[in-house]
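Chemist: I have a structure here, written as structure tokens, and I will follow up with some questions on it.
The values are calculated or read from the model by the stated rules, or taken from the named source; none is laboratory data. What you see is a predicted model; the values in this text were computed from it and never measured. Glycine also receives a Cβ, built like all others from the backbone with ideal geometry; neighbour counts cover every protein chain displayed.
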Amino acid sequence: MKIKEVSTKFDIPADTLRYWEREGAIPPVSRDDAGYRDYDDEDLDWIVFAKCMREAGVSIEYLIEYITLFKQGDVTLQARKDLLREQLGTIAQRLHEIQHTYDLIADKVDNYEKRVEGYHGKLSR
């Protein structure tokens, strides 16, 4: 699959895909005879992982560290697990903060609904 197709499929700009590869946030992608990137299923799996992590707020530096460890093989299994566990903690904290914000806004909406229902001014006729 060529970069344009991957870009469209995952809604990621081609420049971002090139950047991720250049910086090491995803492993190097194979090239065809003409030198164009030719993404296979494994490459697509790495893109899904990177996109998911980025959407969760994980830094490029973290992804680079994870890929670096991954390339070193099974000797780094515990280190990779520790990195992911750390990210789970960070994401759990963000989820808690988002839930708090959601609850606050939902309470305000409920309050406004009660006030609107009780409004009997000129605009209510």
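Chemist: In this structure, does ARG22 turn out to be in the same structural domain as LEU95 (by TED's automatic domain parsing), loosely packed, with under 12 Cβ neighbours inside 10 Å and free of Cβ contacts under 8 Å to residues at least 60 places away in the same chain?
Modeler: Judged against the criteria, ARG22 is not a match.
Chemist: Looking at region 103-123, is at least one residue within 23 Å of the chain's Cα centre (by Cα) and either closer than 18 Å to GLU23 by Cα or exposed (fewer than 14 other Cβ atoms within 10 Å of the Cβ) (or both)?
Modeler: No, there is no match, as no residue in region 103-123 is within 23 Å of the chain's Cα centre (by Cα) and either closer than 18 Å to GLU23 by Cα or exposed (fewer than 14 other Cβ atoms within 10 Å of the Cβ) (or both).
Chemist: Quick one: in region 26-48, which of the residues that are touching a residue at least 40 places away in the same chain (Cβ under 8 Å) and assigned to a loop (DSSP other than H, G, I, E, B) is nearest to SER59 (Cα to Cα)?
Modeler: Filtering first and then ranking leaves ILE26.
Chemist: Of the residues that make up region 80-96, is at least one in a helix (DSSP H, G or I), in the same structural domain as VAL6 (by TED's automatic domain parsing) and among the aliphatic types (A, V, I, L, M)? Give the steps one after another, and end with the answer.
Modeler: In the first step, residues of region 80-96 are kept if they are in a helix (DSSP H, G or I); the result is 80-96.
Okay, now just the ones that are also in the same structural domain as VAL6 (by TED's automatic domain parsing), so none.
No - not one qualifying residue is present in region 80-96.
Chemist: Kindly indicate whether ASP110 is out of contact with any helix residue (DSSP H, G or I) (no Cβ under 6 Å at 6 or more places or on another chain), of a type in the set (Asp, Glu), at pLDDT 95 or above and part of a helix (DSSP H, G or I).
Modeler: Judged against the criteria, ASP110 is not a match.
Chemist: While we're looking at this one, here's another question. With (1) outside the structural domain of ASP15 (by TED's automatic domain parsing); (2) of a type in the set (A, V, I, L, M); (3) within 29 Å of ALA14 (Cα to Cα) as the list, and LEU44 as the residue in question, which single condition is left unmet?
Modeler: It fails just one condition, (1).
Chemist: Only residues in region 54-71 that are closer than 14 Å to ASP82 by Cα count as the first member; pair them with residues that are of a type in the set (D, E, K, R), Cβ under 9 angstrom, at least 6 apart or cross-chain, and list the lot.
Modeler: These pairs meet every condition: TYR62/GLU86; LEU63/GLU23; LEU63/ARG54; TYR66/ARG80; LEU69/ARG80; PHE70/ARG80.
Chemist: Does THR101 fit the bill of being among the hydroxyl-bearing types (Ser, Thr, Tyr), under 30 Å from PRO27 (Cβ atoms) and modelled with pLDDT of 95 or more?
Modeler: In short, no.
Chemist: Could you check region 51-79 and list, in sequence order, the residues that are in a helix (DSSP H, G or I) and more than 18 Å from the chain's Cα centre (by Cα)?
Modeler: THR68, LEU69, PHE70, LYS71, ASP74, VAL75, THR76, LEU77, GLN78, ALA79
Chemist: Give the residues of region 25-45 that are within 19 Å of the chain's Cα centre (by Cα) and either of a type in the set (S, T, N, Q) or surrounded by 13 or more Cβ atoms within 10 Å (Cβ to Cβ) (or both), sorted by residue number.
Modeler: Of everything in region 25-45, those that are within 19 Å of the chain's Cα centre (by Cα) and either of a type in the set (S, T, N, Q) or surrounded by 13 or more Cβ atoms within 10 Å (Cβ to Cβ) (or both) turn out to be ALA25, ILE26, PRO27, ASP43, LEU44.
Chemist: Going by what's in this entry, would VAL48 be described as loosely packed, with under 14 Cβ neighbours inside 10 Å, in contact with a helix residue (DSSP H, G or I) (Cβ under 8 Å, 6 or more places away or on another chain), among the aliphatic types (A, V, I, L, M) and modelled with pLDDT of 95 or more?
Modeler: The answer is yes for VAL48.
Chemist: Report, by residue number, each residue of region 63-81 that is surrounded by fewer than 12 Cβ atoms within 10 Å (Cβ to Cβ) and of a type in the set (Asp, Glu).
Modeler: Correct list: ASP74 only.
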